[in-house]
1. May I ask which residue of Pro82, Leu17, Gly72 lies farthest towards the positive end of the charge dipole of the range 1-121, with charges of +1 (Lys, Arg) and -1 (Asp, Glu) on Cβ and the Cα centre as origin?
2. Among 50-57, 140-147, how do they line up from the highest to the lowest mean number of other beta-carbon atoms within 10 Å?
3. Size of the dipole of the range 1-120 about the Cα centre, Lys and Arg at +1 and Asp and Glu at -1 on the beta carbon, nothing else charged, in debye to 20?
4. Give me the distance between the Cα centres of the range 192-217 and the range 58-73, rounded to whole Å.
5. Accessible area per residue for the range 96-202 in Å², computed with a 1.4 Å probe and the full protein assembly in place, what is it?
6. At 7 Å along the Cα-to-beta-carbon direction for both Asp167 and Arg73, put a label point, then send me their distance in nm to one decimal.
7. For the range 64-126, calculate the relative contact order in percent as a whole number, restricting contacts to Cα pairs under 8 Å that are 6 or more residues apart.
8. Relative contact order for the chain using alpha-carbon pairs under 8 Å, separation at least 6, rounded to a whole percent?
Amino acid sequence: MPLLDELMPWSVAGLRLGRGWVAAPDPGTLRARWAALTGAEAAERERLFRPTRTRTPDAGAAALPGQRTATGRFSAAPGACPEPVRVLHEPFDEQWLLPDQRLIDAARPELWRVLDEQQVFLLEAGPRMLATALLPAGRTGRIRPLHRRPGGAEPNLAPGLLTFLGDRYGTRVAPEDVLSWVLAAARPGPRGPRVPLPADPERWRAGLELGHRLLAV
């Protein structure tokens, strides 16, 4: 019963938005909010911005990987409205987000850097695990990307794990198989989720079938 930390060692804390208005159920709402914010006078703009210790209208920030946004002080040069991106805001709650690091308290650029069509994110959502192809951006618990680099390169798995499992169960084991097994078999524990690895190959195959169904859902 190894810890999930031992099987998928790279994990990242969830994004901390810092202000609720940067996410919405539809892109049109975000564009309307951007227009209202950028068109307001200085005092009203600061009130609408909702400053925190991490982000204020007078601070700039680098563009997030893969995003084209202004980087100067928001109060002086907000730039054009960023193109909203689809995100997982909470478990089973897909929304849209303004991908501007000047607006997000903790945007986790390392996750944006590995976000692509091959990526899948494993989430610790309370007692259960969830998987999503969308960037998790809200109250979703710790995030474990399946791949450490774009293009599906370098799985986020302990060195030698795939070979060990392949020898144990007499079959080729892919990174997506490990993710599927975790979805089906992980159990909560005081030190974090634990993942049973049975000795019986038939049990492994049955759990893998279930896990792939869960991943598809």
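1. Gly72
2. On the way: 50-57: 14.6, 140-147: 20.9.
Ranked by mean Cβ neighbours within 10 Å, highest first: 140-147, 50-57.
3. The dipole magnitude comes to about 540 debye.
4. Using only Cα atoms, the two centres lie 42 Å from each other.
5. Numbers: 4660 Å² over 107 residues.
Per-residue value: 44 Å².
6. Once both label points are built, they end up 6.1 nm from each other.
7. Reported as a whole number, the value is 33 percent.
8. On the way: 394 pairs, mean separation 50.6, N = 217.
So the answer I get is 23 percent.
The values are calculated or read from the model by the stated rules, or taken from the named source; none is laboratory data. This structure is a prediction, so every number in the text was calculated from the model and none was measured. Glycine gets a Cβ as well: all are built from the backbone with ideal geometry, and neighbour counts include every protein chain shown. Just the protein is used for accessible areas: all its heavy atoms, side chains included, with ligands, DNA and RNA removed. Shrake-Rupley method; radii C 1.70, N 1.55, O 1.52, S 1.80 Å.
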